[in-house]
1. Read through the list (1) among the β-branched types (Val, Ile, Thr); (2) closer than 24 Å to CYS51 by Cα; (3) without any contact (Cβ under 8 Å) to a residue 40 or more places away in the chain, then give the number of the only condition that VAL374 fails.
2. Does LEU309 fit the bill of being of a type in the set (A, V, I, L, M, F, W, C) and crowded, with 21+ Cβ neighbours inside 10 Å?
3. Is there a residue in segment 96-115 that is among the basic types (Lys, Arg), open to solvent by 10 Å² or more (accessible area, probe 1.4 Å) and more than 23 Å from ILE45 (Cβ to Cβ)?
4. Among (1) more than 16 Å from the chain's Cα centre (by Cα); (2) buried (at least 20 other Cβ atoms within 10 Å of the Cβ), which single condition is VAL277 missing?
5. In segment 209-235, which residues are under 30 Å from ARG194 (Cα atoms) and either open to solvent by 40 Å² or more (accessible area, probe 1.4 Å) or not in a strand (DSSP E or B) (or both)?
6. Please enumerate the residues belonging to segment 162-187 that are over 17 Å from GLN490 (Cα atoms) and out of contact with any Asp or Glu (no Cβ under 8 Å at 6 or more places or on another chain).
7. If you scan segment 144-174, which residues turn out to be touching a residue at least 40 places away in the same chain (Cβ under 8 Å), open to solvent by 10 Å² or more (accessible area, probe 1.4 Å), of a type outside the set (A, V, I, L, M) and over 24 Å from ALA415 (Cβ atoms)?
8. Pick from ASP485, ASP428: which is more than 30 Å from PHE240 (Cβ to Cβ) and either touching a residue at least 40 places away in the same chain (Cβ under 8 Å) or open to solvent by 10 Å² or more (accessible area, probe 1.4 Å) (or both)?
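The values are calculated or read from the model by the stated rules, or taken from the named source; none is laboratory data. Remember, it's a predicted structure, so these values are computed and weren't measured experimentally. Counting neighbours? That spans all protein chains shown, and the Cβs are built from the backbone with ideal geometry, glycine included. Heads up: the accessible areas ignore ligands, DNA and RNA and are worked out on the full protein's heavy atoms, side chains in. Shrake-Rupley method; radii C 1.70, N 1.55, O 1.52, S 1.80 Å.
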Amino acid sequence: MKRIACILLLCACSQEPERSHQMQFKQIDSGIGSVECGSEPQETILEVNGCGVALLDYDNDGDLDFFLTSSGTIEEDSSSSGCRLYENVSSESGIKFVDVTEESGISIDTHAMGVAIGDINGDTFDDIYVTCFGPNRLLVNNGDGAFVEQGESANVHDDGWGTSAAFGDLDVDGDLDLYVCNYLEFDVDNVPRRAKYKGVDVLGGPHGLTPQQDIVYENNGDGTFENATEKWGFDSTPAFGLNVAILDLNDDGKQDVYVGNDSMANSLYINQGEGFVDSGFHSGAATNGEGSMQATMGIAVGDVNGDNLPDIFTTNFSSDTNTLHVNSESGFFSDRTNAYGLGLSSRMLLGWTTAFEDFDGDGHDDLIILNGHVYPNATMASMDSNRLQPVVTMSGSPHRFEQVNAIDGAFDDRAGVFGDLDGDGDVDLVIAPRHGAVRVYENVGAPPSVLKLTLGGSGQNTKGLGAKVTVQFDDGTTKSKWNHDGSGFQSSMSVPLLFTFPKNVKPVSLDIVWADGHMQRVPVTDEKMHVTQE
């Protein structure tokens with residue numbers, strides 16, 4: 001069987017005078033509307049999460065379009081403020097989107113929460129899976145700009161409280177399986193009693209409520225799925241699942257699953273070939289270095305120390321720190337939060353979406369963290385943390401992150417996605433608060449030298465999800481990234497991989513480990529390449 005990999009390489013070098021590498025963003029009027037996740041201010045735990053977003057190329061025209069979940073209030077359906085699809089119509093005059101929801105046929109009339117992007121049937125067009133406060137929806141892309149909802153017919157319409165989801169080839173058969181995080185049992189007619197936090201009256205949950213079991217679906221290859229939760233060993237004790245990422249975390253060529261749970265231990269499901277084993281505690285990835293369970297919301301995956309292994313950064317509740325788990329060849333994750341300067345500054349914040357990206361174009365991945373408190377009555381005086389909080393941007397180096405002030409203001413943010421919206425090679429931002437206007441920031445910093453890489457895989461995994469890519473440079477250095485689903489918080493980015501590098505070096509080859517473990521070396525010889533592998 002042939003594996004066909006479609007690889008687009010773009011080396012962008014500016015003819016402008018050299019500028020210092022600093023994070024610089026300009027907020028623009030993009031044409032994207034507002035998000036609504038419950039009442040304002042939030043009154044129940046159902047209205048705390050949500051607002052998942054995605055970058056995808058739904059029309060296969062080469063640029064990044066945008067999908068937004070929105071829920072309305074719990075007293076009404078979301079038809080008046082529901083999920084929206086925006087087409088990217090950016091030009092030389094700037095980044096711009098137009099609402100094409102009506103033309104696309106998308107109509108979600110339930111409390112939508114998160115989103116995953118993947119080609120479930122191998123037709124090369126991105127499909128959209130939307131998690132909801134029951135039942136979940138599967139929007140299958142027709143390829144003509146329209147989508148058809150097939151959640152029930154595909155057997156992925158679980159009616160629990162779905163939060164995050166991610167696609168990945170878990171059984172190495174060439175198609176995309178699906179992991180769905182479920183949160184807790186919630187009755188809109190009998191909302192949880194209010195609780196006390198630091199002596200303050202607050203909305204109730206998740207403590208004292210019943211967690212729901214996550215669900216894993218095996219792709220049958222014919223447009224339908226079957227529940228493989230027990231079959232593959234994912235039927236551990238239910239937890240308050242909020243986020244998930246699927247990629248090869250122990251570098252053995254098989255896809256693993258990392259799950260972030262709220263106020264409970266996180267899970268690291270290691271792929272054994274015939275099933276999965278939760279090695280969260282054994283690997284050190286279930287808790288922080290002190291052995292404390294945390295309230296994990298966001299997940300970012302990147303290589304912070306240049307050893308070509310995936311490290312994990314998680315965002316957590318206020319009065320706790322965010323956590324950086326640094327990977328090792330032994331498969332053990334060490335808590336290196338304080339050593340990298342990521343601990344103390346996060347204690348007053350409540351983090352959600354996070355990502356490793358080289359925003360300033362200096363060749364080192366930076367870190368972005370979106371923040372906002374779950375309690376509308378949060379203040380520094382009462383809870384050591386305000387409700388409205390800043391976007392934290394941190395400049396990266398091989399050994400430490402330094403906070404920089406790149407975005408002004410304080411917000412109640414939740415979801416965000418990051419990618420090259422205008423085709424100039426740098427990383428732009430789309431940020432969704434829990435309630436209010438979606439904000440788009442154009443990256444106006446120093447133009448980077450960048451390798452822009454789009455993957456195509458074998459079988460029905462047409463976008464190469466699960467691949468690890470390591471770039472070899474002519475000075476002997478390397479840089480790795482992972483093409484995985486599950487991003488930030490309840491969001492997804494089906495985007496090209498951007499490898500930035502100093503202007504005095506150039507990429508010479510790519511080592512690609514595909515989702516089935518097959519390794520392929522590709523020389524970088526041209527700006528546009530097509531590779532066929534037997």
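1. The single condition VAL374 does not satisfy is (3).
2. Taking the combined requirement at face value, the residue does not satisfy it.
3. Yes, because at least one residue in segment 96-115 is among the basic types (Lys, Arg), open to solvent by 10 Å² or more (accessible area, probe 1.4 Å) and more than 23 Å from ILE45 (Cβ to Cβ).
4. (2)
5. LEU209, THR210, GLN212, GLN213, ASP214
6. ASP173, GLU185, PHE186, ASP187
7. GLY145, GLN150, SER153, ASN155, ASP171, ASP173, GLY174, listed by residue number.
8. ASP428
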